[in-house]
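Here's the structure we're looking at; comments come further down.
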Amino acid sequence: MAVVLIGTLDTKGPEYAWLRERLIELGSEVIVVDVGVGRESVGPSSEFGAPAAASAEDIANVRVAAAAGVDLAALRASGDRGAAVTAMGEGAAVVLAELYAEGRLDGVLAVGGSGGSSIAARAVRDLPIGLPKLIVSTMASGDVSPYVGAKDVTIMSSVVDIAGINRVSRLTLGNAAAGIAGMASSYAAFRATAEDREDDRPLVAASMFGVTTPAVDAARERLTELGYEVLVFHATGAGGRAMESLAADGLLAGVLDLTTTELADDLVGGVLSAGPDRLTAAGRQGVPQVVAPGALDMVNFGPADSVPSRFEGRAFYVHNPTVTLMRTTAEEMAELGRRVAAKLAAATGPTALFVPLRGVSALDAPGMPFHDRKADDACFEALAAYPGVIRLDLHINDPAFGRAMADTLHDLIRGEG
């Protein structure tokens, strides 16, 4: 298996020399991609004096910069660190894509601070899901969403700064080397037999939340019966972005977007927003989709004491010690309905919109904390702007609702909708 090390060798040469040696001991082929700009690449240098032998396979920083369309000397002369981080991240992404296309990439490992982590995060962002991506970072104890994005990036805390090999970094970096070697070995074996396991079932994505699980389970079971492989995405912001990414990449035969709750967080200011482009990729790519206003009745926050004071007096439900839900108002529900209708009206592919008249989540049912017929009706009236709305006198978690959405998606995929 081949492991690619991405790093700024002008500042982290000894650490990368040590990592290369550990990976070779673990049976990995190693390619080092230098993304530093302090000097031209000469290979990772040894902490103990002599330069570590640079492989002919290593990628010099001059080539990385050129892949980003910039001149390394000019980039260095500018003294603009932000521009350097951006350019080397873009160039490294191009280099990794080439290595992957050539079958010379089974895993990526990077170590660094905020700058090195940012470069590595950009470099691995376009690599396929499943290919191991490990970043050992001094930033790993905080918000790592800028580094992970919507991909399966593993973030590991370095504990100490990446500044020499000492009794602590030897343990953490050693674990990182062992981890990426093991993951790369497994991935290489998987890739070698991929054709033998090729599954020709069409892929369908579905969005789910805890409060819409019964509906999605019913839909998933029905779609499986109809011959599809169903990928379920948890609507936590990252899940919605990942689903949008797959649709944008043309990997999906259809989308069952039953749980559009991330739109509520985007509108109101919750913590699980997937951004303003949520519910656009399938429509833009012409991918068949069926959509419902699942869990639009709620906005997500962290622990109760973290809810912004401007929401004082609103209806809340403590889902667990780390998640507090807030009921959306009639005005917010109306705006959400308008946004959903507008996004679907812009779709270039076959689309269906389902409305569950008896409630949009497990908490939005008679006797439940978020049951608010006035608010729901405001949303449903706004959704009526989309032609051909399918209104069912069911609660969203009624199994018949999920099955109806699944059957309609099947028809749209076959061109019968």
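The values are calculated or read from the model by the stated rules, or taken from the named source; none is laboratory data. As the structure is a computational prediction, the values presented were derived from the model and not from experiment. Neighbour counts run over all protein chains shown; Cβ positions are idealised from the backbone, glycine included. Ligands, DNA and RNA are excluded from the accessible area calculation, which covers all protein heavy atoms including side chains. Shrake-Rupley method; radii C 1.70, N 1.55, O 1.52, S 1.80 Å.
Observations
- Using just its DSSP H runs of length 4 or more, each adding -39500 (n - 2.57), the chain gives a mean residue ellipticity at 222 nm of -12500 deg cm²/dmol after division by all residues.
- Per residue accessible area of the chain, 1.4 Å probe, in Å²: 42 Å²
- In straight-distance terms, cross-link reach from residue 151 covers every one of the lysines whose alpha-carbon lies under 18 Å from its own, apart from those fewer than eight places away in the same chain; here that gives 133.
- Helix 9-25 axis, angle to the chain major axis (alpha carbon atoms, nearest 10°): 90 degrees
- Principal-axis tilt of helix 238-248 within the chain, Cα atoms, nearest 10 degrees: 90 degrees
- Using the Cα coordinates of the chain, the gyration tensor eigenvalues translate into equivalent-ellipsoid semi-axes of 46, 24, 19 Å, sorted from longest to shortest.
- Each part gets one Cα centre, and for region 78-125 versus region 348-373 those centres are 43 Å apart.
- Our analysis of region 295-348 gives Rg over Rh at 1.11, with the two radii drawn from alpha carbon positions and Rh computed by the Kirkwood formula.
- Angle in degrees between helix 81-101 and the longest Cα principal axis of the chain, rounded to the nearest 10: 90 degrees
- Extreme residue, positive dipole direction of the chain, given options 83, 215, 31 (C-beta unit charges): 83
- Relative contact order of the chain, defined on C-alpha pairs under 8 angstrom at six or more residues apart (%): 11 percent
- Alpha carbon Rg of region 167-271, scaled by the compact-globule rule 2.2 N^0.38 Å: 1.44
- For residue 12, a cut-off of 13 angstrom between C-alpha atoms picks up these aspartates and glutamates, skipping any fewer than 8 places away in its own chain: 34, 47, 161.
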